[in-house]
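Encoded as structure tokens, the structure appears first; notes follow it.
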Amino acid sequence: MERLCMGCMEMYDDKLPVCPHCGYAFNTPPKQSYHIVPGSVLHQRFIVGKVLGFGGFGVTYLGWDYLMQRKVAIKEYLPSEFATRMPTQMKVTVYSGDKEEQFMDGLKKTIDEARRLAKFETVPGIVQIYDCFEENGTSYIVMEFLEGMSLKQYIARTGKMTVDQAFSVVQQVAVAMEAVHRSGILHRDIAPDNIYVLNPDDPDHLKVKLLDFGAARYATTKHSKSLSVIIKPGYAPEEQYRSRGDQGTWTDVYALAATFYKMLTGITPEDAMERSVKDEVKRPSKLGVKISKPMETALMNALNVKIQDRTQTMEEFAQELMAAEVKERKITKTKNDVGAIPKWVIGLAGAGIAAIVVVGVLIGTGKIPIGIGWGHSQIDANMARVPNVVNHDADEAETMLSNESLGMSRDRVTYSEEIPANMVSYQEIQAGSTVEKNTDVVVWISLGERTGVIPSILGQQREAAEEMLQEAGFEDIEIVEDTEAEGIYNSVVTVSEDVGSSVGLKTTITITICMNENAERGDSSEQVEVPDVSELTKDEIEKVMEELGLKISWVEEYHDTIEEGAVISQSPEKGEMANKDSYIEIHISLGVEQVYLELENILYQPRSSAEKAIEEQDLIVGKVTEEYSDSIASGNVIRVLGADGKEMQNQAALDKGSSLTLVISRGKDPAKQTAAARETAAPTQAPQTTAAPTQAPETTAAPTQAPETTAAPETTAAPETTAAPTQAPTKDSGMPDINF
């Protein structure tokens, strides 16, 4: 006969004393006397296994959902200050008086929050809640079981992360928290130990989920004296040090920014209260991190100590992290900015440090229909379920939404390192949401990775070359000084990328500078008269100079009146004497200056603002045409055409002063809308429905849920107990015969 292991939920021969899969011994007692005995059954469906983690607010157990045949994590609300459990019993004992009121207050808060969190089953970065219910005088949440490790463990194993790796994690958490914040829920404890890495062996494509929302913690601490402030120094902003602190979306922004800082630098930011006295947090770039200036400014804005100086929302934080330009927020100065840290704060910080080792915080419970997260449920005839269109081609996404009787509104184009060009990079209504038919889903379309064009810097002096690269958007510039290079001293002799090529702005551009002071001097014992090369071609100039024993340093420049390839100037000038083998600097015209069309502030924008953006790029708005569009608002730009009538792509090279054609939306075609209205009004035979299946579609193997914080050490000698009754299922329960 087979037995279900309470340590890993795998089946094995019951004749064996320990599980061959995980080594868990049969009849192992619980870690603490107030823990549920392994093998007990909750809600006539969930088998309780070993404890994964526990602390001041509850216990997290490994579980088995026998109905769905999958591993789960079960969180029990059990704040130790207000309640306990007698050994071998299932029912929770709540302390009387004020503590009972506080217990119930926390229970209500967690139930309310659990009900709202359960709606986020389609948000990738949030742990799914399968079920929650009240039983045994308390409440339970049944959640998906995750495999992997916490971000805290991951950083300890791998060390500092690259900017791309860390940004990917932050982006996933920020997107998840945007959705959560819209429902009025705060996390209050974002930190590396509450972010779970699902695939730690794939560092360049990390997938994460956010754990441990703080409903129970916050609800109970509003009344409790000993638990009035629960913080993680370095990750908690200053408002969390006060039991009545002004907490909001900005509170979670600070914590996520601190986590980003930790990933990049390997250093936990200084405690917020210490920073309020003297802020010594160094920018990541000062610690050797190669991070762009806009992203670093966005990070430091989110890490500002005072609420009024800080980035306010996750959406704003995410947008700033991807922006090409970010303005640094000014720091508010007050009279209280100087002075020692109050003793009460130091004491509370100590309490917070003790609290961070607490594990298994329950995020809430409540009676929710068992079907949560089991698959598709029936919806009203006038409602539609929003599909996931992110990372789909824009036109394909429009068709997908149309097939669900939904519209699409193209709100903006934006750069993305993750999403290829012309793909949907963001949808405002989360996939899986139920909305009324004909609702427009607002989307952003990716322009792909932000790129820049390598300017003509060959032959330019170092300072001028650096400035030109920075103006083109490149910030990671590496300079190599070559003391043996041939060329004019302090000028650029090589560039790592081809001049005129389009390159990602995060690419490191390496330029070699000639530091050979003798190269340009030549042989002073022999003088040569410099010829007039103003009317010669480049090939002719090279031939003449070679015959005279002179060398050439070419400098290419744009010129509005001198045609491409013609000489602009030379130094030394014609008729002057120069040393043999010395360099003659010749400036060659590249023709009319090229400008690179930026579509970010043009496409899908109102005509007036698009025209202004075009003019600011030294281009001209010529012809303007109109056409109907189902997904672009009336009066906004559908596309931009060049002089050849072809649609312009992002950063296309154009002559300064070129004329562009704008195609403006007239809104939705009224003829199509009339036809659609007729079709909707036509009587149709309602399809027959069948009973909703009780068995949900099979899911991939449920991952392992690690403890949210470091579990207390296992006691080496647990007291002997009489054989604990395992609340075995009855035949009436419909459960299979399984030996625990």
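The values are calculated or read from the model by the stated rules, or taken from the named source; none is laboratory data. Because the structure is predicted, anything quoted here is derived from the model rather than measured. Cβ atoms come from the backbone with ideal geometry, glycine included; neighbour counts cover every protein chain shown. Each accessible area value is taken on the protein alone, full model and side chains, heavy atoms only, with ligands, DNA and RNA left out. Shrake-Rupley method; radii C 1.70, N 1.55, O 1.52, S 1.80 Å.
Miscellaneous remarks
- There is no residue in the stretch 399-411 that is touching a Phe, Trp or Tyr at 6+ places or on another chain (Cβ under 8 Å), open to solvent by less than 30 Å² (accessible area, probe 1.4 Å), touching a residue at least 40 places away in the same chain (Cβ under 8 Å) and of a type outside the set (D, E, K, R).
- Scanning the stretch 431-443 for residues that are open to solvent by less than 40 Å² (accessible area, probe 1.4 Å) and farther than 15 Å from Asp380 by Cα yields a count of 4.
- Residue pairs meeting the criteria (Cβ under 6 Å; at least 6 apart or on separate chains; first on the phi > 0 side of the Ramachandran plot, in the stretch 653-667; second modelled with pLDDT under 95 and surrounded by fewer than 20 Cβ atoms within 10 Å (Cβ to Cβ)): Gly667/Ser634
- Check on Asp14, in contact with a Lys or Arg (Cβ under 7 Å, 6 or more places away or on another chain) and surrounded by fewer than 23 Cβ atoms within 10 Å (Cβ to Cβ): yes
- For the stretch 629-643, a tally of residues being open to solvent by less than 20 Å² (accessible area, probe 1.4 Å) and within 30 Å of the chain's Cα centre (by Cα) returns 3.
- Residues located in the stretch 230-280, provided they are at pLDDT below 90, crowded, with 20+ Cβ neighbours inside 10 Å and among the β-branched types (Val, Ile, Thr): Ile230, Ile231
- For Val361, the test of being at pLDDT 85 or above and under 30 Å from Ile111 (Cα atoms) is failed.
- Selection from the stretch 573-623 of residues that are among the hydrophobic types (A, V, I, L, M, F, W, C) and closer than 19 Å to Gly642 by Cα: Val592, Val595, Leu597, Leu599, Ile602, Leu603, Ala610, Ala613, Ile614, Leu619, Ile620, Val621
- Pairs, first within 17 Å of Phe167 (Cβ to Cβ) and in a helix (DSSP H, G or I) in the stretch 262-275, second open to solvent by 30 Å² or more (accessible area, probe 1.4 Å) and of a type outside the set (Phe, Trp, Tyr), C-beta under 7 Å, six or more apart: Lys262/Thr268; Leu264/Lys160; Thr265/Lys160; Thr265/Leu287
- Conditions (1) more than 30 Å from the chain's Cα centre (by Cα); (2) open to solvent by less than 10 Å² (accessible area, probe 1.4 Å); (3) of a type in the set (Phe, Trp, Tyr); number of the one not met by Tyr66: (2)
- Answer from Tyr140, Tyr196, Tyr130 - the residue that is among the hydroxyl-bearing types (Ser, Thr, Tyr), closer than 30 Å to Met86 by Cα and touching a Lys or Arg at 6+ places or on another chain (Cβ under 7 Å): Tyr140
- Checking each residue in the stretch 388-432 for being acidic (Asp, Glu) and either at positive phi or within 17 Å of the chain's Cα centre (by Cα) (or both) picks out Glu417, Glu418, Glu428.
- If the condition is being part of a loop (DSSP other than H, G, I, E, B) and surrounded by fewer than 12 Cβ atoms within 10 Å (Cβ to Cβ), then the stretch 526-575 contributes Glu535, Asp560, Thr561, Glu563, Glu573, Lys574, Gly575.
- Identity of the residue in the stretch 495-519, at pLDDT 90 or above and part of a strand (DSSP E or B), that ends up nearest to Tyr415 (Cα to Cα): Ile509
- Yes/no for Asp131 being farther than 23 Å from Pro237 by Cα, of a type in the set (D, E, K, R) and touching a His at 6+ places or on another chain (Cβ under 8 Å): yes
- Looking across the stretch 104-157, the residues that are within 22 Å of Ile195 (Cα to Cα) and of a type in the set (Ser, Thr, Tyr) come down to Thr110, Thr122, Tyr130, Tyr140, Ser150, Tyr154.
- Whenever a residue of the stretch 607-626 is at positive phi, its partners that are open to solvent by 80 Å² or more (accessible area, probe 1.4 Å) and not β-branched (Val, Ile, Thr), lying with C-beta atoms within less than 7 angstrom and at least six residues away or across chains, give the pairs Asp618/Lys656.
- Count of the stretch 69-86 residues which are open to solvent by less than 10 Å² (accessible area, probe 1.4 Å) and over 31 Å from the mean Cα position of the chain (by Cα): 5
- Residue match in the stretch 594-607 (condition: under 25 Å from Ala485 (Cα atoms) and surrounded by fewer than 17 Cβ atoms within 10 Å (Cβ to Cβ)): no
- Residue within the stretch 462-473 that is among the charged types (D, E, K, R), touching a Pro at 6+ places or on another chain (Cβ under 9 Å) and at negative phi present: yes
- Test result for Lys580, modelled with pLDDT of 90 or more, over 53 Å from the mean Cα position of the chain (by Cα) and surrounded by fewer than 17 Cβ atoms within 10 Å (Cβ to Cβ): no
- Annotation: of all residues in the stretch 491-506 being open to solvent by 40 Å² or more (accessible area, probe 1.4 Å) and of a type in the set (Val, Ile, Thr), the one that is farthest from the chain's Cα centre (by Cα) is Val493.
- Subset of the stretch 298-314 (residues that are open to solvent by 10 Å² or more (accessible area, probe 1.4 Å), outside any loop (DSSP other than H, G, I, E, B) and either modelled with pLDDT of 95 or more or under 13 Å from Pro269 (Cα atoms) (or both)): Met300
- Residues that are of a type in the set (A, V, I, L, M, F, W, C) and in contact with a strand residue (DSSP E or B) (Cβ under 6 Å, 6 or more places away or on another chain) were ranked within the stretch 622-642; the one that is farthest from Thr661 (Cα to Cα) is Ile632.
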